[in-house]
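Have a look at the structure below before the remarks.
FYI, it's all coordinate maths here, none of it is from the lab. Note that the coordinates shown come from a computational prediction; the quantities given were computed from them, not determined experimentally. Note: ideal-geometry Cβ built from the backbone for every residue, glycine included; neighbour counts use all protein chains shown.
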């Protein structure tokens, strides 16, 4: 029941906002913030009530949905160790996004808020669905609001970016749809648990194709190199709220999908594909960093940094070690927080100066000290300074990858250096040096509402950085189960190989 | 005797059909079509479908054909040369006509081949025609109002919609009046409608008979 | 009448082909509409032929004629609408040539 | 002993309080630009925090005398890695970290006192102390952590503070300090990446987690084993981290640039504490390094080369702080040279004495710069001894210690290193030779610096600049450090000297529990020492060259710039190369930074935009092009539509007929 409320309360809120006679934007935004805040509180309640040691899905909500031939499609929501953090992140992030939207959404506010709430329903549904048809439904639903948010409230090249984003991710989705249909007809069930059980009995020739279908769809969404070019455009053109949601949650749908449908559902195929994905991840880290270094558009730079950070997530996940997977799941949250913060902060700046170009700034530390403080804080969280959230995730991922493949970890570790290079560079060019443009002197520092948005997120960064045991503990059960499955498969492989060798020797 | 009549009528229908297609004047086309319809009505009668034959004559020969004839006359299309002052080609360009002809030939050939390939011998080809024909009215009505009541109602709705629709489409636009409820079309039509001279000075009759009565 | 079914069907095929030829080659919209009527009649003939073939003395097959009646009704409708359109077209373009109608583009 | 947590926690709290004070000051300044707000409190808060930390460090220090050699706090289960392993952090005070903690808090306290006066009037006064306290907290975490992970936290933390403090005056000099800070952070990060890999390698190879005690034990138990290549690699990678932090070749170029920060920062971070953490790490893991003789050799060579490279660069610097910066790099090289020969104690000894005298020199330099109204160029100084006598006196003490004049602290610690290298024999004689040459250069440039600054004619505009002695808050720390620099040597007298006075090598005995395992592996017993006669000989030799070169350096420069100009005129090429520090920085710019920038642009523009995105857009465009082609079929002519429909129907009919349906 809790999960149903969590998922559909935003939709109710959307209807309320859409139908309310009031034209006062403050009232509408207030309602939106209130609704998302209630969802956030429920998310925290869920987080606290979740038992991390239990690998099974919890808070399950189940009802019959419709019949598809012999197959019973269900309305099946549940939360487990792989999704709990992302659900909490989504719930927690939305009120801040809604509150911060006041600064930059000046037209068609009602529509915007409606789309925002619809989006929350879609994202919640994606993370909570345990039925693949339901998952696909929510997956596509979450695509639409961003399409409008990007297309209506975006910057000057928004139509291009919107079309690219939509077509790119949709083509991935369709590939996934093929895989979904194939898997559903094979398994004669749409429940993820039952499909996993079915997949475990299939030969690699079957699961390999299904894995590829799912993996490419999610890889586009993540985005994994070389499918990343839509992201830079989408991020650059999106309004602040869009960028934050995109970085904070939407991209995590891709990584979450890779974990849930790629690795957990087809572990044998994932083991085979792991080196490729690890390499792609590691390459993405370095590549994204180089891209970021060459950017002069701050939002584009942050977008490229996302490519780099998500390379870490993908790499850690496909290390298929406990440390790697745990770090990867945590890093999804971390990236959501720190990159979301960077977008929020730069959005605040953009509202004041209406320029994304890096040379329009400089020396801001003297003009807007509070902004500078929080920017440096977020930047450090993103760089992965110990004591802040980014470090814990990156460290676990690198450790996990090192256990799986030291060479790939050695490539990825250069990302730690390059990450510092481009983030420090943009920080220096924004904040330090003399003030070049006179209009920057009169910039207004962060307003109370902006502080109210930024401070809790920074606190969350600090909390995860200092005491990661809490969030990491929530995924103990699920990750351990996953790793046991993988270990079982790998041992099976080895013993099979040994048997073969044994027989050959016997001959 | 009846067989001979059938082949005669078949020949008539075919020739008249060709006449429809090749005739220069639409009036001749209409008359040819009427002949074709009549020939078919005779064939229905020969085959034992009396009611159908009656309907064919009434609806096609009566209503539809009159409609066609009225239109042709109204638009003064009896002689194509008169309309525009120059002879317009009857057919599309030669390439397109060729493709069309080929297509039609292929279609007909395919139909004929299909007819020839099926083993019809086992089917009864001769049937004694009973008293009320092969479509006795009582049975037809019983079926129409029970089993086929839904399509029947749908057809009546369709006819009603047609009556209204035809009224809307064919109604003459008076200046300052919107021709169509649709905004986009009206916007496009508005500048042209008053500018275009109205050659047909006589008001057009409301097109379309009341087709409902045909069925009842 | 002892004409075999295939002859009825053959006639229908020929008529259909003639109608189709007219439909595809003529420029005059009214003639095109008439060609369509011809094709519809050919279809009716097949229905009749089929019904006749499947009828037994004590058990008549009525689906054929009933469908034919519906076809006739719909054909009447089609003719009415088509001709109304022809009139509307003539009012706007002073012609009933098919080439004049290309609004479907764009 | 959970009060151990207080040692880093107190400065941390102090930092937060100072940060809040800074925020309040900014708020007050918004109303009235001249207002100081509560920022003046920050100095007291910061000093109080460091002082309290110092007290707790002392308490812990006294707890580890006698038989108790270490005390540990409860661990903080920081990162649960997987089902079984957890990266714990605990505070560990043992003979090594206890001594380091005292140095950090002690010298740190003095520098805080000094800075409270030095930074007076700066708009970022409170911010400065927030950073400085944060630095001390991070440094203490680095030192006191019982595990590699904890050390890494401090390791990156001090890097951050270094970045912030170097860039403290980010808007001065056209933003140069910010660039320097960035450079320092990135260079450190290169080392940190290596550190990370080393840490992971140890974790996977030894499988005992990250605790130093466990790692050392496991490493020692593998001593003599055949297949220790991976452990050696781990040791080398960790040394890579140490290179970054301690500014050794090839990662040395950031430290001279780091002088863009305020002088107390240079004294605290870039001389006394942070830069020595590399040495600390190697001593901490001495059994591991003892097992990898090849790596030790690498360390020794890197150390010796760095020492020589930096000392030679220091010869011609005009910037007072620049000389000290290169000198620091050079002295750090000595320390690594010592580590490379297994002379752990000598290295730590030099760390401590260096902390005293280099902090003193930096603070003295700061006092001079302060008195000269922010002038750093020695060519525009001269004759200052008359204007700032206290600074002059203490500076002389520091210079004497640095140049290794006999009986001062620097003399003993440096001599112990050279003696240990000499003891190794074989190819190590080469390194010893390099060390001796470096010692000569050191004496020369030190006294050149003293002569140019305090002696000779006054080369500044007397009307504009009025050099003045600094206030007592600045000079008192100088005096305390001067005393320590002079007498600091007693903690580690060479044994021949010690015998004379019946004094043991205190530091050696003190550190014995820490270095025992390493010495055991290296020497199968306690570390040996030189024969008495050789040692006397070396001591005499060292004194001689120190005096000789100091004299040379002093006399060449005491009459102003003439001596220097003639020398540089004689060897213009050498002077050019040395003033650019062998061109290393430029080489990096040309060979690494510029190509990387180019590569980044190439990737972003050519590969990404034209290549990958071009392909993506090409897919889109090809769909569009196909649409344009296909559009011709739907030309709007009904006849055309009918034709295609009919053709389609015919084809369908044909197919169906064909299939016999």
Notebook entry, point to check: What ranking do D:248-257, D:264-273, A:64-73 get when scored by the average of other Cβ atoms within 10 Å per residue, highest first?
Noted result: D:264-273, D:248-257, A:64-73
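Can you give me the relative contact order of the range A:2-506 as a percent, contacts being Cα pairs under 8 Å and 6 or more apart?
16
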Notebook entry, point to check: Add -39500 (n - 2.57) for each DSSP H run of 4 or more in chain D, then divide by its residues: what number comes out at 222 nm, to the nearest 500 deg cm²/dmol?
Noted result: -23000 deg cm²/dmol
Item checked: For the range D:586-616 and the range D:514-563, distance of Cα centres in Å -> 49
Notebook entry, point to check: To the nearest 500 deg cm²/dmol, what mean residue ellipticity at 222 nm is calculated for chain A from DSSP H runs of n ≥ 4 alone, each contributing -39,500 (n - 2.57), summed and divided by the residues?
Noted result: -25000 deg cm²/dmol
Item checked: For B:68-75, mean number of other protein chain Cβ atoms within 10 Å -> 5
Checklist line | Likely footprinting exposure, D:321, A:252, D:120, D:558, fewest C-beta neighbours within 10 Å first | finding: D:120, D:558, D:321, A:252
Margin query: Compute the distance from the alpha-carbon center of the range D:449-510 to that of the range C:23-97, in whole Å.
Written below: 115
Notebook entry, point to check: For residue D:172 and residue A:354, what does the FRET efficiency come to when R0 = 41 Å and r is the distance between their Cβ atoms, rounded to the nearest 0.05?
Noted result: 0.90
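Could you work out, residue by residue across D:642-655, how many beta carbons of other chains sit within 10 Å of that residue's beta carbon, and then give the average as an integer?
Details: counts 8, 9, 2, 3, 11, 7, 1, 5, 13, 4, 2, 10, 5, 1.
Average per residue, whole number: 6.
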Next item on the list: Give me C:24, B:75, D:315 ranked fewest to most by other Cβ atoms within 10 Å of their Cβ, as a rough exposure proxy.
Entry: D:315, B:75, C:24
Checklist line | Cβ-derived FRET efficiency at R0 60 Å, residue D:465 paired with residue D:429, nearest 0.05 | finding: 0.75
Next item on the list: Would you mind computing, in nm to one decimal, how far apart the modelled labels at residue A:44 and residue D:512 are, each placed 7 Å from Cα along Cα→Cβ?
Entry: 5.8
Next item on the list: Compute the relative contact order of the range D:300-579 as a whole-number percentage, counting only Cα pairs closer than 8 Å that sit 6 or more residues apart in sequence.
Entry: 27
Check: Among A:304, A:458, what is the fewest-to-most ranking by other Cβ atoms within 10 Å?
Finding: A:458, A:304
Next item on the list: Highest first, please rank the peptides D:403-414, B:22-33 by the mean number of other Cβ atoms sitting within 10 Å of their residues.
Entry: D:403-414, B:22-33
Note to self: If you take each beta carbon of peptide A:475-482 and count the beta carbons of other chains within 10 angstrom, what is the mean?
What the structure shows: 1
Next item on the list: Could you calculate the contour length gain from residue A:201 to residue A:177, that is, 0.36 nm times the residue separation minus the distance between their Cα atoms, to one decimal place in nm?
Entry: 6.5 nm
Check: With axes computed from alpha carbons, what is the tilt in degrees of helix C:63-93 against the longest principal axis of chain C, rounded to the nearest 10 within 0 to 90?
Finding: 10
Next item on the list: Could you please state, rounded to a whole Å, how far the C-alpha centre of the range A:410-435 is from the C-alpha centre of the range D:227-267?
Entry: 19
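What does the highest-first list of A:228-241, D:330-343, B:149-162, D:12-25 look like by mean Cβ count within 10 Å?
Highest-to-lowest ranking by the protection proxy: D:330-343, A:228-241, D:12-25, B:149-162.
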Notebook entry, point to check: Against the longest alpha carbon principal axis of chain A, how many degrees, from 0 to 90 and to the nearest 10, is the axis of helix A:448-466 turned?
Noted result: 40
Checklist line | Spin-label model distance (nm) - residue D:30 vs residue A:24, 7 Å beyond Cα toward Cβ | finding: 2.7
Margin query: Restricting to Cα pairs below 8 Å that are 6+ residues apart, what does the relative contact order work out to for the range C:5-100? Please round to a whole percent.
Written below: 29
Checklist line | Förster radius 35 Å - calculated FRET efficiency between residue A:370 and residue A:144 (Cβ-Cβ, nearest 0.05) | finding: 0.45
